[in-house]
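Participant: This is the structure, below, for whatever I ask next.
The values are calculated or read from the model by the stated rules, or taken from the named source; none is laboratory data. All values derive from a computational prediction rather than experimental measurement. Neighbour counts run over all protein chains shown; Cβ positions are idealised from the backbone, glycine included. Accessible surface is based on the protein model in full, side chains and every heavy atom, while ligands, DNA and RNA are left aside. Shrake-Rupley method; radii C 1.70, N 1.55, O 1.52, S 1.80 Å.
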Amino acid sequence: MDQQQRFEPQEQNTFFEDGRAMRQPVEGTVSRGNLRHDKVYYQGINEDSSFVEEIPVELTKSFLYRGKDRYEVYCTPCHGISGDGQGIIMTGNYGFVPAPSFHIDRLRNQSNGYLYSVIANGIRTMPSYAQQIPVKDRWAIVGYLRALQKSQNATEEEIRQYDVNLTSMQEEFKNQQAAAAAAEAKAAEGASDEVSVERGKAIAEENVCGSCHSLDGSKIIGPTWKGLYGREVELEDGSTVTADEEYLKESITNPSAKVVKGFPPSMVPYDQLSESEIGSLVAYIKSLNDAAE
Ligand code: HEC
Ligand code: HEC
């Protein structure tokens, strides 16, 4: 049954006058259950294709709880229970492109239709959840995302409306901040200026460079690191450059300066890394050549 003759989507078929294998429904066909003309509801867009601002379903408490339930099933593994992008898959070093926090301004200011579209169509490296999540549940999740965003960005005035002890919360927050600052200071004390292959390998793992760069020659999202050092690299603008230390450093801190031919410029600059961290990454990439020899 797997091997029978068939037409692929969009394939040509000379049997029909218009040459298309994919046929329109016969004129006068009455749709049963598949009429999806309501773009606002089914696609989250207006007639002019802009994203809708409002959620086109009445927001009741039970609807939001439905959203919470579905969010926790489908989104928490990557986005985390509070939407901070620290889901178990992201913190577990499985090589995923990091998911952003929902509590950044860019995502707080997105329209509801945009969030709906991310669930329905996926975005960049996030797959679509259209197969798993029916339309109404997608809107419920959007509603719950808004609740999550609100929960992480409430004003003092809003919090005062609830029966909470604000002073003790603030105290607790201050203690947490102090503990975090102390831990950071301690880490900075132990931070080294050491440049080494081992350190470079660890930094590459922490930053999941391997989700885009393979070590075995295969092409993922970015070029492989196998044999990269010393290679003649063809660039998007037609020129070539030798992958020496300078080039590798620049590729890490400012990847769009020289874009490798055949790859989208999808790497973000890692300019927050220190001199010795970048040096270590370069040493690590260089060491891959020695290992191969
Ligand atoms: C398998 C992991 C995974 C799951 C599950 C997942 N996401 Fe994502 N999501 C990502 C990643 C990775 C990105 C960042 C994609 C990129 O920028 O390449 C992302 C990005 C997003 C964004 C931000 C888009 C932007 O403009 O940057 C939203 C909103 C989002 N996801 C919502 C959801 C919702 C809602 C669910 C549950 C229905 C969900 N995601 C499930 C991995 C996941
Ligand atoms: C989201 C995917 C992605 C991640 C994560 C990523 N890169 Fe890249 N990288 C790319 C792409 C795509 C290119 C090629 C396009 C370009 O030159 O900008 C590239 C290019 C490079 C190059 C030049 C490669 C060549 O063949 O000339 C180096 C070196 C590099 N990246 C290092 C790193 C390091 C180190 C990290 C982790 C700290 C990292 N990258 C993380 C996508 C990524």
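Participant: Looking only at region 49-65, how many residues end up being open to solvent by 60 Å² or more (accessible area, probe 1.4 Å) and touching a helix residue (DSSP H, G or I) at 6+ places or on another chain (Cβ under 6 Å)?
Facilitator: Result for region 49-65: 2.
Participant: Counting just the residues of region 116-129 that are without any contact (Cβ under 8 Å) to a residue 60 or more places away in the chain and open to solvent by less than 30 Å² (accessible area, probe 1.4 Å), which one comes out nearest to GLY210 (Cα to Cα)?
Facilitator: Top of the filtered list is GLY122.
Participant: Anything in region 96-110 that is part of a loop (DSSP other than H, G, I, E, B) and away from ligand 2 (no atom under 16 Å from the Cβ)? List them, or say none.
Facilitator: SER101, PHE102, HIS103, ILE104, ASN109, GLN110
Participant: May I pose another question? Quickly run through region 85-105 and pick out the residues that are under 13 Å from the mean Cα position of the chain (by Cα), free of Cβ contacts under 8 Å to residues at least 24 places away in the same chain and open to solvent by 50 Å² or more (accessible area, probe 1.4 Å).
Facilitator: If the condition is that a residue be under 13 Å from the mean Cα position of the chain (by Cα), free of Cβ contacts under 8 Å to residues at least 24 places away in the same chain and open to solvent by 50 Å² or more (accessible area, probe 1.4 Å), then GLN86, PRO100 are the ones that fit.
Participant: Could you list all residues from region 265-293 that are open to solvent by 80 Å² or more (accessible area, probe 1.4 Å) and within 28 Å of the chain's Cα centre (by Cα)?
Facilitator: Residues satisfying the conditions are PRO265, VAL268, ASP271, GLN272, GLU275.
Participant: Of ASP193, ASP216, which residue is part of a loop (DSSP other than H, G, I, E, B), modelled with pLDDT of 90 or more and open to solvent by 40 Å² or more (accessible area, probe 1.4 Å)?
Facilitator: From the options ASP193, ASP216, the qualifying one is ASP216.
Participant: If you check LYS68 against the conditions, is it open to solvent by 60 Å² or more (accessible area, probe 1.4 Å), modelled with pLDDT under 95, assigned to a helix (DSSP H, G or I) and among the charged types (D, E, K, R)?
Facilitator: Against the criterion (open to solvent by 60 Å² or more (accessible area, probe 1.4 Å), modelled with pLDDT under 95, assigned to a helix (DSSP H, G or I) and among the charged types (D, E, K, R)), LYS68 does not qualify.
Participant: Moving to a separate point now. Could you check how many residues of region 219-252 are open to solvent by less than 40 Å² (accessible area, probe 1.4 Å) and within 16 Å of ligand 1 (Cβ to nearest atom)?
Facilitator: 1
Participant: If you go through region 131-141 one residue at a time, do you hit one that is among the acidic types (Asp, Glu) and in contact (Cβ under 8 Å) with a residue 60 or more places away in the chain?
Facilitator: Checked against the condition, which is being among the acidic types (Asp, Glu) and in contact (Cβ under 8 Å) with a residue 60 or more places away in the chain, region 131-141 yields at least one hit.
Participant: Additional query: Across region 27-65, which residue is farthest from ligand 1 (Cβ to nearest atom) among those that are assigned to a loop (DSSP other than H, G, I, E, B) and among the hydroxyl-bearing types (Ser, Thr, Tyr)?
Facilitator: THR29
Participant: Any residue at all in region 238-245 that's of a type in the set (S, T, N, Q), at pLDDT 90 or above, closer than 30 Å to GLU275 by Cβ and in a helix (DSSP H, G or I)?
Facilitator: no
Participant: I want to confirm something. Restricting to region 131-158 and keeping residues that are over 24 Å from GLU54 (Cβ atoms) and under 31 Å from the mean Cα position of the chain (by Cα), which single residue is surrounded by the most Cβ atoms within 10 Å (Cβ to Cβ)?
Facilitator: Here the residue is GLN132.
Participant: Looking at region 253-264, which of its residues are open to solvent by less than 50 Å² (accessible area, probe 1.4 Å) and within 16 Å of ligand 1 (Cβ to nearest atom)?
Facilitator: If the condition is that a residue be open to solvent by less than 50 Å² (accessible area, probe 1.4 Å) and within 16 Å of ligand 1 (Cβ to nearest atom), then PRO255, PHE263 are the ones that fit.
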